[in-house]
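Q: Below is a structure I'd like to ask you about.
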Amino acid sequence: MKRSLRFVAASLTAATFLCSATFAQARPSPPTETQRQLADQQHQLDKLDSDIHKIMVALKNSTREMRHRAETMSDVDRKVAQKNLIKFHDDLKKAQVLHVEIEDLRKLYQAAQVKKDYRKMRSVLELLVEKKTEMLASLQSAHGELEVEMQRVRKIKPKPPSSDTARHL
């Protein structure tokens, strides 16, 4: 009987300690300056994510129009367009590489959040902002290249339909 009372008393003591204010203060809470910096960087990331989303939608629409126009172009014009879009493709590849790096950094940030390592969270967020800014610049450059080519392609008259193809009425 004495052993069970000791166990109950020890359990109650542990429960009291866990619920006490002393234990709550034992957990490291970030200083308000760190919280503010993390919030500012998170706000920058959110704005960059929004800008990246907008440019991705614009790229999607422009590439759809380019593919549609490429169907009606002559072979020579299509080859010229492909040659002119080499920088566009390079910028997109760079953005894809940055996207993979950003995903790795997000995983590091989440691990730091779990550990409540605020110093690491801040440094990873700084890297995330830097990489996202670089990715946005790459996407904007790609969009600019595509728009220049789209203006050139819009001026090209579509080739007449060949008589070999059957027309659907």
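The values are calculated or read from the model by the stated rules, or taken from the named source; none is laboratory data. These numbers were taken from a predicted model, which means no experiment stands behind them. Methodologically, a virtual Cβ is constructed for each residue, glycine included, from the backbone with ideal geometry; neighbour enumeration extends over all protein chains shown.
Q: Among the residues of the range 148-163, are any assigned to a loop (DSSP other than H, G, I, E, B), among the hydroxyl-bearing types (Ser, Thr, Tyr) and loosely packed, with under 12 Cβ neighbours inside 10 Å?
A: Taking every residue of the range 148-163 in turn, at least one turns out to be assigned to a loop (DSSP other than H, G, I, E, B), among the hydroxyl-bearing types (Ser, Thr, Tyr) and loosely packed, with under 12 Cβ neighbours inside 10 Å.
Q: So Lys116 passes all but one of these: (1) more than 30 Å from Glu33 (Cβ to Cβ); (2) in contact (Cβ under 8 Å) with a residue 24 or more places away in the chain; (3) surrounded by fewer than 16 Cβ atoms within 10 Å (Cβ to Cβ). Which condition number does it fail?
A: For Lys116, the exception is condition (1).
Q: Might you check whether a residue that is surrounded by 15 or more Cβ atoms within 10 Å (Cβ to Cβ), touching a residue at least 12 places away in the same chain (Cβ under 8 Å), aromatic (Phe, Trp, Tyr) and closer than 23 Å to Met66 by Cα occurs anywhere in the range 86-98? I'd like the intermediate steps shown before the answer.
A: To start, the set of residues in the range 86-98 that are surrounded by 15 or more Cβ atoms within 10 Å (Cβ to Cβ) comprises 87-88, 91-92, 94-95, 98.
Checking which are touching a residue at least 12 places away in the same chain (Cβ under 8 Å) leaves us with 87-88, 91-92, 94-95, 98.
After this cut, where a residue has to be aromatic (Phe, Trp, Tyr) as well, the list is 88.
Filter once more, keeping what is closer than 23 Å to Met66 by Cα: 88.
Scanning the range 86-98, I find at least one residue that is surrounded by 15 or more Cβ atoms within 10 Å (Cβ to Cβ), touching a residue at least 12 places away in the same chain (Cβ under 8 Å), aromatic (Phe, Trp, Tyr) and closer than 23 Å to Met66 by Cα, so the answer is yes.
Q: May I ask you to list the residues in the range 98-114 that are out of contact with any helix residue (DSSP H, G or I) (no Cβ under 9 Å at 6 or more places or on another chain) and either among the hydrophobic types (A, V, I, L, M, F, W, C) or farther than 30 Å from Glu145 by Cα (or both)?
A: Scanning the range 98-114 gives Val100, Lys107, Gln110, Val114.
Q: Kindly indicate whether Gln140 is buried (at least 16 other Cβ atoms within 10 Å of the Cβ) and not hydrophobic (A, V, I, L, M, F, W, C).
A: Yes: the conditions hold for Gln140.
Q: Out of curiosity, is Ala112 more than 26 Å from Leu48 (Cβ to Cβ) and modelled with pLDDT under 95?
A: Answer is no for this residue.
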